[in-house]
Structure formats: structure tokens, C-alpha cells
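Structure first, commentary second.
Taken together, the values in this text are just the output of simple stated rules run on the coordinates, not laboratory data. Note that the structure is a prediction, hence the values are computed from the model and not measured. Counting neighbours? That spans all protein chains shown, and the Cβs are built from the backbone with ideal geometry, glycine included.
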């Protein structure tokens, strides 16, 4: 079987698994990007500390200067389009980093839908993507707690009702010192691009 066929089967399996998570598929409406907020952009901003609830219903406290490379993205579990794509990218990144025998990384998927994304739903979502939760956490919380996190990352979220969530499509890479170094806006970024950026940031440490 070719790599292309394997990828097609993997994507199909993910979509089938996600369809089982809810009985109703809700629309995703991405916020239009601001000028310059498209594709890859290098930055140097301090990442925020925060506490949310993970897929096991336990408090998860994030401290930026953890000595790990941290990749953060924002999704909601009933999103039928770009959110599953981001999560599939994260799954591929986890496989790539595990193949390199890395331990110094953490992936964070943060909900944009506090009304519906309970810890149980986040757990089912994590299982759909075969996440290793030792390195990949799925976080939710109250409207107040999540709103504070969204704001700290510059993510805008609007709930239009009927499951239609509009939010900034941001994925950001945090270095081992707790600094946001690369922002990826939209859905055009590639797995190999992120892995390359992690190696680039690691080379700067020496």
C-alpha cells in the first residue's frame, strides 16, 4: 500500500471516529484573519500560565518555562472541517516526535466550546486521534476560564448558537523558555514545517 493510500485510510478513519462523537455536526466559521495573520509568522512573546481541566476531569496547570517545546491549538469537538485537520496534524506531529525518541515536548488542544466540550467529550476526541496523553492534553473549562486563555493567546471566539463557533485559527509553538516563537495562522501549515521549527529552536539552545 502506498503512503498516499495509507494517509487516505487514516483520514477516513478519523472522520468516521469523529462522526460517532456527536449525533449532530456543527458548523465551523473561521474568523477572517487580520492583515499579516496568515501562514507562518515568527514572534517572541511570553506565553501565559493558566489552569484548565483535562480530558480526565483533572486540573491541568500550564507553566510556560517547562523545559519542553509546547505546541498549542484551539478547536472544538463537533467542528466538521479545519479542527479535525489540526488534530490530525497534531497526531502526525506526535508520531514524528516519538519516532525521534523525544520526551521534551507537549501538545495542548484547547476547546473553544465550553458549553459542549465536557471532559468526557474531550477524552473521546483524544481517543479518536489515538493521542498519547502523556504528551498530548485536551483541555476545557468554564466560559470564564477559557475566555481568559483565549484572550491571552489573542484568540477571538464567537458562539453564534446552534453549535456554530467562530474562532481564530491559531496554532503556536512555545520554546523551552516559555516564549512563543512561531505562530501558524489558518490551515495551510504542514507537519514537517513544525517539526523543522522545533529542531531550529533546539539548535539555538547550543
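Some observations on this one:
- Annotation: peptides 65-73, 171-179, ranked by per-residue average of other Cβ atoms within 10 Å with the highest first, follow the order 171-179, 65-73.
- Shape call, segment 29-164: gyration tensor on alpha carbons, a/c limit 1.5: rounded
- Label zone at residue 63, where the point sits 7 Å out along the Cα-to-Cβ direction: segment 169-203 residues whose backbone N lies under 17 Å: 175-179
- Cut-off 16 Å (backbone N to label point 7 Å along Cα→Cβ of residue 132), residues of segment 91-119: 91-108
- Ranked by how many other Cβ atoms sit within 10 Å of their own Cβ, fewest first, the residues 160, 135, 89, 167 fall in the order 160, 135, 89, 167.
- Per-residue Cβ neighbour rank within 10 angstrom, fewest leading, 42, 127: 42, 127
- Relative contact order (percent, whole number), segment 76-206, Cα cutoff 8 Å, 6+ residue spacing: 24
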